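A.B. asks: The structure under discussion is supplied below as structure tokens; questions concerning it will follow.
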Amino acid sequence: MEPLLAKASAHFAPMQAGYNQQEVPDEITFEEEPPFSDEQLQVATPYAFRLETDTVFSGDKSGRFELRYGDPQVQHGTRAELIVHGRPSGDERWYRFALYAPATGYAPDTASDVISQWWQTSRSTQATSLRVLNDRLILRTGAHPDSLEEVDIGRLQKNTWQVFVFHFIHSAGPEGLLEVWCNGKKLLQRRGGNMYAMRLPYWKVGIYKASWNNGKTAAAKRVLFFDNILISDTAIYTAKADQDHKVPSLK
């Protein structure tokens, strides 16, 4: 393991042969000297984020996030999160990350954690977020805070990497689209509003536990590892056969 670094590595990853895309996506792999700003990390303790060399998806390093009950709040919440800055500016976007949940550091809890969210406003819960509740992956989405839908998309696997891909047409109306894959298996396709009728969201990954703002829960510590975090205007496919079947790359 490496000691705390206040930043992670964000660079434009070169594409492999056979990929179909129009521009190089933005990817965070944690491999190089960190070039992005401190403001992208929302952490309150020395252990909240560090580079990890023992548990990696690819390359030599991953990003390790840790949150403990009683940690100071950041931006009015108990969180250890990374704001992912990317170049995409349109309504249609692709997002990807590899996730590892260690069994010893991520016990089941009846109070949910947000591990990925598309942030728009501090005045309510976000329109779309991926949560973990009692080791189940819950996708919450909608266009109004009073009518958000929650969909159970499967179990959080422990001590192994899971790769998540999200395809959005960001919209507060019926033209919106949200598709989710995990390890190449399609888990969800939903049409309709997936954001509030305001500015387009920006993306955050890490750990946010709102319940700890007010008191204890069954778990006292949360540890997650992230790697190969990507945001792009353009879908990435491994080959034309995958492109025809709309199967996102896991690489």
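A.B. asks: Heavy atoms only, probe 1.4 Å: what % of the accessible area of the range 140-241 goes to carbon and sulfur, would you let me know?
C.D. replies: On the way: 2100 of 4250 Å².
Exposed carbon and sulfur together represent 49 percent of the surface.
A.B. asks: Let me ask something additional. Kindly rank 210-217, 177-184 from highest to lowest mean number of other beta carbons found within 10 Å of each residue. Walk me through the intermediate numbers first.
C.D. replies: Numbers: 210-217: 13.6, 177-184: 18.2.
Output ranking for 210-217, 177-184: 177-184, 210-217.
A.B. asks: Quick one: compute a quarter of the convex hull surface over the Cα atoms of the range 128-201 and quote it in nm². Spell out each step's value before the answer.
C.D. replies: Values: hull surface 20.4 nm².
Orientation-averaged projected area of the Cα hull: 5.1 nm².
A.B. asks: Using per-residue counts of other Cβ atoms within 10 Å, averaged over each peptide, order 57-65, 40-48 from highest down.
C.D. replies: Values: 57-65: 20.6, 40-48: 18.2.
Per-residue mean Cβ counts within 10 Å order the peptides as 57-65, 40-48.
A.B. asks: May I ask you to give the solvent-accessible area per residue for the range 46-161, in square angstrom, as obtained with a 1.4 angstrom probe? Before the final figure, lay out each step's value.
C.D. replies: Details: 4870 Å² over 116 residues.
Result: 42 Å² of accessible area for each residue.
A.B. asks: May I pose another question? Can you give me the % of accessible surface on the range 68-118 that is carbon or sulfur? Probe 1.4 Å, all protein chains present, nothing else counted.
C.D. replies: Carbon with sulfur: 46 percent of the solvent-accessible area.
A.B. asks: From the Cα trace of the range 69-219, what convex hull volume per residue do you get, rounded to a whole Å³? Provide the component values of the computation, followed by the final result.
C.D. replies: Details: hull volume 16.8 nm³, N = 151.
Spelled out: Cα convex hull of the range 69-219, divided by residues, is 111 Å³.
A.B. asks: Can you give me the solvent accessible area of Y69 with a 1.4 Å probe, rounded to the nearest 10 Å²?
C.D. replies: 90
The values are calculated or read from the model by the stated rules, or taken from the named source; none is laboratory data. Nothing here was measured: the structure is a model prediction, and the numbers come from that model. For neighbour counting, all protein chains shown are included, and Cβ atoms are generated from backbone atoms with ideal geometry for every residue, glycine included. When the accessible area is computed, the model is the full protein with side chains, heavy atoms only, and any ligands, DNA or RNA have been set aside. Shrake-Rupley method; radii C 1.70, N 1.55, O 1.52, S 1.80 Å.
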